[in-house]
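A quick write-up on the structure given underneath.
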Amino acid sequence: MNVKTKVVFWSLIFIFGVKTIAIASDIFPERLVDTTLSKIEVFTFISQGREMKGKIYLPHSYNTKKSLPAIFLIDFTEQHFKLATDEFEKAIYGINQIKGFNALVVSLDAIPDIDAEPDNFEDHYAIFKDMTRYVDSLYTKNSSRTFIGKGSESGVVLMTLFLEDTAQQVFDNFVVTDPSPNYASSIIDLIEKNNFPKNKSNKKLHFSFSTSNDRTKCTTLIKLITEAKYPWLQFEAKEYKESDFENTYPLSYAEGLKFVFKNDKF
C-alpha cells in the first residue's frame, strides 16, 4: 500500500469512526455524554447503641443535585422464599422507570436473617428511623422519605404507617407488597379497633399482593382501608392475579414508586 493509498484509507477510517460516534450519541446519549456513573456507598450508623452498616445508591445526578428524596428499603431474608435477593436493585429499577425522577435508595448493607414478626415491630422500625437520621445528616436535606418492602418486612412498613408517633413522623410514602398473614391480621385488628394515632397528614400508600398470599386477608385489609376514607391518606391497591411472591415485587416496586411520586416536584 503506497503513501497516497494509506492516507485515503486512514481518512476513511477516521470519517467512519466520527460518524459512528455521532450515531451512537443519538442512540445512547447518556452513555457517551454523561460520563459520571452512579455509585453505591457503604456507611456506618448507630442504632440502639449498636454499630450497623448501611448502603446507599447515589444516582449520577447526585453530583449536581444533592437534595434528593430518599427511599428506605427494609430487606430481610425471607423465611419461606429464599430466592429473592435482589430487592435493592429492583428498587433502583423502579426509580429508573419514572421519567425525569431521581432518588437515593437506602438499606442495610447485608440482608439479615430475621423473621419480621409483629411482636418485634418496634425493633425493626427503630433501625430504619435511626438510619434516616444519619442519611439526613450526611446525604440529603430533602424531607421526602419513602418506606418500601415485601413479605413480612412490608408488614413493618404498613404498621409504621399506622403506628408512627404523630409528633415525630419519619416517613411520608409507603410501598407494601405481599405482607405476611400475621402482619395482615395485626393491622386488620388495629383498624377494626381504631387503635392507632389519628393526627396524621399527607401520607401515600401503595398496597399489592400476589397469588402466593392469603387473598381473603389481603382483600379484607384493602376493604377496611378503602372504607375508612382516611383524610390524610392517598391509597391505591392492586392484586397481581398472574404473578407469585417471587415474581411480583419487581413490578410492584416500580408501580408503587410511580404512584407515591406521581405529581411530586423535586
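Think of the stretch 87-196 as having a plus end and a minus end, set by charges on the Cβ of Lys, Arg, Asp and Glu; of V135, S180, A116, V135 sits farthest toward the positive end of this dipole. Working note: Debye formula, equal point scatterers on the alpha-carbon atoms of the stretch 36-260, no solvent; log10 I(q)/I(0) at q = 0.08 Å⁻¹ is -0.26.
With a cut-off of 19 Å on the backbone N, the residues of the stretch 92-110 near the modelled label site 7 Å out from V42 along Cα-Cβ are 105-110.
Residue order for T166, T146, fewest other beta carbons within 10 angstrom first, comes to T166, T146. Put a dot 7 Å past each Cα toward the Cβ at L138 and N263; how far apart are the dots in nm? It works out to 3.6 nm between the two label points. The value given for the stretch 166-266 is a Kirkwood hydrodynamic radius of 14.4 Å, derived from the mean inverse Cα-Cα separation.
Among DSSP beta bridges whose residues both lie in the stretch 36-260, state the antiparallel percentage, nearest 5. Restricted to the stretch 36-260, the bridges split so that about 35 percent are antiparallel. Classify the stretch 108-235 as rounded, prolate or oblate from the Cα gyration tensor: take a ≥ b ≥ c as the square roots of its eigenvalues, call it rounded if a/c is under 1.5, otherwise prolate when a/b beats b/c and oblate if not. Cα axes put the stretch 108-235 in the oblate bin.
For the peptides 45-53, 155-163, 133-141, residues were scored by their other Cβ atoms within 10 Å and the scores averaged per peptide; the highest-first order is 155-163, 133-141, 45-53. Couplings 3J(HN,Hα) for the stretch 143-157, derived from phi with the Karplus relation 6.51 cos²θ - 1.76 cosθ + 1.60 (θ = phi - 60°), are 7, 7, 10, 10, 10, 9, x, 10, x, 4, 5, 5, x, 4, 4 Hz, where x marks Gly and Pro.
Computed from the coordinates by the stated procedures, all read-outs in this text should not be read as laboratory data. Quantities reported herein were computed from a predicted structural model and do not represent experimental measurements. Cβ: placed from backbone, ideal geometry, glycine included. Neighbour counts: every protein chain shown.
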